[in-house]
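Okay, so here's the structure we're looking at.
FYI, it's all coordinate maths here, none of it is from the lab. These numbers were taken from a predicted model, which means no experiment stands behind them. Cβ sites come from the backbone with ideal geometry, for glycine too, and all protein chains shown count toward neighbours.
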Amino acid sequence: MAGYQLWLVQLGRNPDDWKPLPTVGIGVKEIRIHTGREHRVIYIASFGEGIYVLHAFEKKTRKTSKPDLELAGSRLREVIRRHRAREAERR
């Protein structure tokens, strides 16, 4: 399920069920997967080199937990840091 949804993103399309997550960062989105249990994939596709999956987890409560959001935010900051370093090397 998640792989297919990410493939749609690779094609430039939206996943079947998603929402933006601006609390994590600009351009960050959450794929919502319903299989009897709730699963989430938090990703960003704003960089030309690919899609970055920041966090994937089984959701057990109605609201996404603060630790899950913080982990995704921390990983986003690392992606941005590495992206800027690669850009600086190219100059």
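Numerical summary
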{"read-out": "Positive-end extreme of charge dipole, region 2-90 - chosen from Leu8, Tyr52, Thr64 (charges on Cβ)", "value": "Thr64"}
{"read-out": "Rounded to 10°, Cα long-axis angle of helix 66-90 versus longest principal axis of the chain", "value": "20"}
{"read-out": "Computed helical MRE - 222 nm, the chain, DSSP H runs ≥ 4 contributing -39500 (n - 2.57), nearest 500", "value": "-12500 deg cm²/dmol"}
{"read-out": "Calculated log₁₀ intensity ratio I(q)/I(0) where the Debye formula runs over C-alpha points of region 2-90, q = 0.12, 0.16 Å⁻¹", "value": "-0.37, -0.63"}
{"read-out": "Relative contact order (percent, whole number), the chain, Cα cutoff 8 Å, 6+ residue spacing", "value": "19"}
{"read-out": "Debye, to nearest 20: dipole size of the chain, +1 on Lys, Arg Cβ, -1 on Asp, Glu Cβ", "value": "240"}
{"read-out": "Trypsin sites (Lys or Arg not before Pro) within region 1-38, DSSP loop, no more than 12 other Cβ atoms inside 10 Å", "value": "Arg13, Arg37"}
{"read-out": "Inter-site label distance for Asp17 and Ser74 at 7 Å from Cα along Cβ, in nm", "value": "2.9"}
{"read-out": "Those aspartates and glutamates that a straight Cα-Cα span of less than 13 Å connects to Lys19, excepting residues fewer than 8 apart in one chain", "value": "Glu30"}
